[in-house]
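The values are calculated or read from the model by the stated rules, or taken from the named source; none is laboratory data. Here the structure is a predicted model, which is why all the values come from computation and not from measurement. Neighbour counts are summed over all protein chains in view; Cβ atoms, including those assigned to glycine, are modelled from backbone coordinates with ideal geometry.
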Amino acid sequence: MFEKSTRPALVLAAVAVVQFMVSLDLSVVNLGLPQIAAALGFTEVGLTWVIHAYALSFGGLLLLGGKLADRYGRKRVLLLGLALFGLASLVGGFAQEAGHLVAARAAQGVGAAALAPAALSLLTSTFPTGKPRVRAFGVWSAMNAAGGALGVLIGGVLTEYASWRWVMFVNVPMVAVALVLTWRSVPADPPAARRGRPDVLGAVLATAGMTLLVFGVVRTDRYAWTSPVTWATLAIAVALLTAFVYVERTTTRDPLIRLGLFTNRAVAGANAYNLLLGAAMASAFYFASLYLQRVLGTGPAMTGFQFLPLALGVVVGSVLAVKLGYRFPARVLLTVGGLLTAAGFAWFGFISADGSYVVDVLGPSIVIAIGFGLCLGPVVSTATMGVAPHETGTASGLLASSRQIGASLGLAALGTAANERTGATRTLEALNDGYALGLSLGAALLAGSVLIALTVLPRTSEEAAAGDVATKLTKTGAR
């Protein structure tokens with residue numbers, strides 16, 4: 001079942017550390033932003049790029065990262081990505097100007113785009129089927145969620161009791177551990193057969209198109225949705241992505257992604273589901289953190305501690321997903337998990353300016369966390385159903401990209417809606433109303449993900465595999 005010379009337990013440990021670290025960096029800087037702004041002289045608008053620089057480079061380059069893992073070997077790409085991530089974290093911790101930190105965060109995203117799909121592809125190939133696969137993806141999903149949730153706690157504690165610089169330095173020891181585990185446990189896998197030169201044009205078009213799409217939405221805090229600047233930016237992004245699709249269909253080089261992957265219902269459905277899930281969850285962390293600090297008046301460290309139940313709830317949901325995964329297909333878990341998470345968001349929508357942590361945050365957080373935990377492992381496992389071994393890195397990169405692009409787009413869109421609802425008064429009541437609207441819209445996004453699970457995803461893994469085989473046979477016959 002396992003690849004020759006592979007130590008499955010150590011591989012799982014290495015992948016778990018990598019995923020925890022990557023997820024951590026999506027949220028660890030959030031509670032330190034005021035101190036970062038004061039120390040490095042960020043403007044209010046410029047400060048958002050501490051978040052977006054990482055998300056944009058990470059999400060925009062994930063497809064290329066997955067392709068490189070398939071082409072040059074998972075271990076090699078994983079080690080290089082870890083080295084870049086660790087170096088960028090060290091440089092960012094010593095940043096003396098705003099531009100230095102933004103550049104370091106962007107470099108972190110580049111490293112994460114290389115190591116995340118390589119690690120997930122490694123997990124997929126090490127645990128191909130059966131109970132070990134269910135258990136492995138349960139561990140992966142727990143670490144993925146715990147990194148995002150504990151990032152807020154760790155960031156708050158480090159900022160208040162050490163320095164904001166430690167939200168960058170904290171990655172260095174994790175990188176060291178992951179490097180040692182990867183070096184010792186992962187065999188040097190032979191690169192895939194190279195069928196032509198790399199599709200550099202496709203990589204440029206995909207990265208530029210996705211980055212510009214997110215950039216256009218992010219900037220709606222300065223330029224309204226109806227602004228010519230916003231329309232022009234989004235139009236150029238759509239044109240670039242359209243050109244990318246054309247190039248992938250016609251190129252004589254080794255394409256960045258085989259578009260035939262999307263004929264696999266499991267791949268297409270899982271990525272659409274993941275896009276909406278990522279959009280909703282990024283908004284949950286953002287709005288809940290602001291509600292606790294700005295409306296309820298909670299300090300950074302205490303806010304971080306109050307997110308602990310969310311992290312623990314995700315772990316509980318992930319454990320449940322492992323146990324239920326032995327009895328029910330992924331489609332069922334994704335439907336139930338999506339409904340539960342949507343219910344938590346709907347509850348969150350009733351927050352009030354004179355509310356309390358227990359009723360307005362703790363209760364809905366637990367419901368959301370368990371539902372989210374139920375979704376994480378199954379959506380990853382589904383996204384690689386029926387995918388050929390030489391394309392697992394590409395499929396993994398595609399899934400991670402859909403999560404990050406969804407997070408950036410969702411946070412920008414829901415943040416814009418919340419800001420418009422709040423208006424210019426900025427009273428506690430106005431802020432509360434804006435956050436409540438953003439959280440309610442998250443429930444609508446999750447309702448859409450449930451619809452996708454019910455109508456697009458195959459009922460069983462056997463159906464997904466059969467559908468992919470049928471597609472391959474059809475293509476072979478056409479030749």
- request: Considering each of Val180, Val186 in turn, give the residue that is without any contact (Cβ under 8 Å) to a residue 24 or more places away in the chain and touching a helix residue (DSSP H, G or I) at 6+ places or on another chain (Cβ under 9 Å).
  value: Val180
message: Show me the helices (runs of 4 or more DSSP H) found entirely inside the stretch 7-81 where at least 3 residues are under 11 Å from Leu115 (Cα atoms).
response: 8-24, 49-72
field: In the stretch 220-278, the residues that are charged (D, E, K, R) and either closer than 25 Å to Ala444 by Cβ or within 25 Å of the chain's Cα centre (by Cα) (or both)
entry: Asp221, Glu248, Arg258, Arg265
- prompt: Which members of the stretch 307-352 meet the condition of being out of contact with any Asp or Glu (no Cβ under 9 Å at 6 or more places or on another chain), over 23 Å from Thr455 (Cα atoms) and in a loop (DSSP other than H, G, I, E, B)?
  reply: Phe307, Gly349
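Can you spot a residue in the stretch 92-109 that is modelled with pLDDT under 85, of a type in the set (D, E, K, R) and either assigned to a loop (DSSP other than H, G, I, E, B) or at negative phi (or both)? Break it down into steps so the answer makes sense when it comes.
First pass over the stretch 92-109, keeping only residues modelled with pLDDT under 85: none.
No: the stretch 92-109 contains no residue that is modelled with pLDDT under 85, of a type in the set (D, E, K, R) and either assigned to a loop (DSSP other than H, G, I, E, B) or at negative phi (or both).
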query: Are any of the residues in the stretch 290-305 on the phi > 0 side of the Ramachandran plot and either modelled with pLDDT under 90 or under 18 Å from the mean Cα position of the chain (by Cα) (or both)?
result: yes
task: Return the total of residues in the stretch 308-340 being buried (at least 19 other Cβ atoms within 10 Å of the Cβ) and within 22 Å of Asn432 (Cβ to Cβ).
output: 1
- request: Kindly establish whether Arg479 is modelled with pLDDT under 90 and either assigned by TED's automatic domain parsing to the domain that holds Ser289 or closer than 18 Å to Leu333 by Cβ (or both).
  value: no
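Among the residues that make up the stretch 371-387, is at least one of them within 24 Å of Val134 (Cβ to Cβ), among the hydrophobic types (A, V, I, L, M, F, W, C), part of a loop (DSSP other than H, G, I, E, B) and in the same structural domain as Ala69 (by TED's automatic domain parsing)? I'd like the intermediate steps shown before the answer.
Within the stretch 371-387, the subset within 24 Å of Val134 (Cβ to Cβ) is 371-387.
Then keep just the ones that are among the hydrophobic types (A, V, I, L, M, F, W, C); that gives 372, 374-376, 379-380, 383, 385, 387.
Next, from what is left, pick out any that are part of a loop (DSSP other than H, G, I, E, B): 385, 387.
Checking the rest, the ones that are also in the same structural domain as Ala69 (by TED's automatic domain parsing) come to 385, 387.
Yes, the stretch 371-387 contains at least one residue that is within 24 Å of Val134 (Cβ to Cβ), among the hydrophobic types (A, V, I, L, M, F, W, C), part of a loop (DSSP other than H, G, I, E, B) and in the same structural domain as Ala69 (by TED's automatic domain parsing).
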